[in-house]
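What follows is one structure encoded as structure tokens, with my remarks underneath.
A short reminder: the numbers here are calculations on the coordinates, not readings from a lab. The model shown is predicted, which means the values in this text are computed figures rather than measured ones. Heads up, the Cβs are rebuilt from the backbone with ideal geometry, glycines too, and the neighbour counts pull from every protein chain shown.
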Amino acid sequence: MAALSGCNNKEDSTTASSTSSASSVTLPYVAGYTTEFTNEVSDSDLLLVLNSYKYWEAGDIKALRATMGDSMAVDGAEGFKYNGLTDSLMGMWQKSRDSLSSVVIKMDVWLKNHSVKDSADYVNVWYKEIDTYKTGRVDSANYSDVNAIKNGKIVWYSSFKQKIK
């Protein structure tokens, strides 16, 4: 999660001890953000995130919009960056979704992550998406996404894509 904050660690060594006092393993890096997470994210926040994918799949941009806060930050898989009002983002996403005749999402796994450091909630998802364009072209990829939730709404979305040949 390097996108969340830079590392200001003053440690001089290229190795770092594990944060667990019971471990004798020496790790080669110090995490720039944190490694202290629990799974204490509400099931309703998990449902919110999973519904956002279902709404994208169904092409229901209005319902997708309802899962998000008034402002969104996006770090897209193809280099797309956005930080602003969600309503403006929805216009861009509507145009993108309108180019597709169908979207199929096969959700592989999700993980609820609550950051102990700053009490932030994230839902990570791994899935395969098969997009069929109105031109007939089919594009398939595996994705790994991070969704940050605040006050019951998605406020940050970061996506990583692996094309399937």
C-alpha long axis of helix 43-58 to longest principal axis of the chain, angle in °: 40
Check cross-link reach from Lys117 to the aspartates and glutamates: straight Cα distance under 14 Å, and skip same-chain residues fewer than eight apart. Glu36, Glu40
Estimated distance in nm for a label pair at Asp108 and Ser71, the labels positioned 7 Å out from Cα along Cα-to-Cβ: 3.4
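Run the numbers for Trp126 and Lys165: contour at 0.36 nm per residue of separation, minus the present Cα-Cα distance, in nm. Please report the intermediate quantities before stating the final value.
Details: separation 39, 0.36 × 39 = 14.04 nm, distance 1.79 nm.
Here the segment from Trp126 to Lys165 would lengthen by 12.2 nm.
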Could you state, as a whole-number percent, how many of the C-alpha pairs of region 47-146 are farther apart than 21 Å? 37
Taking a point 7 angstrom from the Cα of Glu40 along the C-beta vector, which residues in region 77-121 have backbone N less than 13 Å away? 113-121
Taking the chain as a Gaussian network, where each spring joins two C-alpha atoms under 10 Å apart, which residue of Thr86, Thr26, Thr38 fluctuates the most? Thr26
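Return the subset of Lys128/Lys153; Lys54/Lys106; Lys128/Lys165 for which the Cα-Cα distance in this structure is over 18 Å, preserving the input order. Please list the in-between numbers first.
Values: Lys128/Lys153 24 Å; Lys54/Lys106 10 Å; Lys128/Lys165 13 Å.
The pairs that break the limit, which is 18 Å between Cα atoms, are Lys128/Lys153.
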Looking only at aspartates and glutamates whose Cα falls under 19 Å of Lys134's and that sit 8 or more positions away or on another chain, we get Glu57, Asp60, Asp98
Angle in degrees between helix 86-98 and the longest Cα principal axis of the chain, rounded to the nearest 10: 60
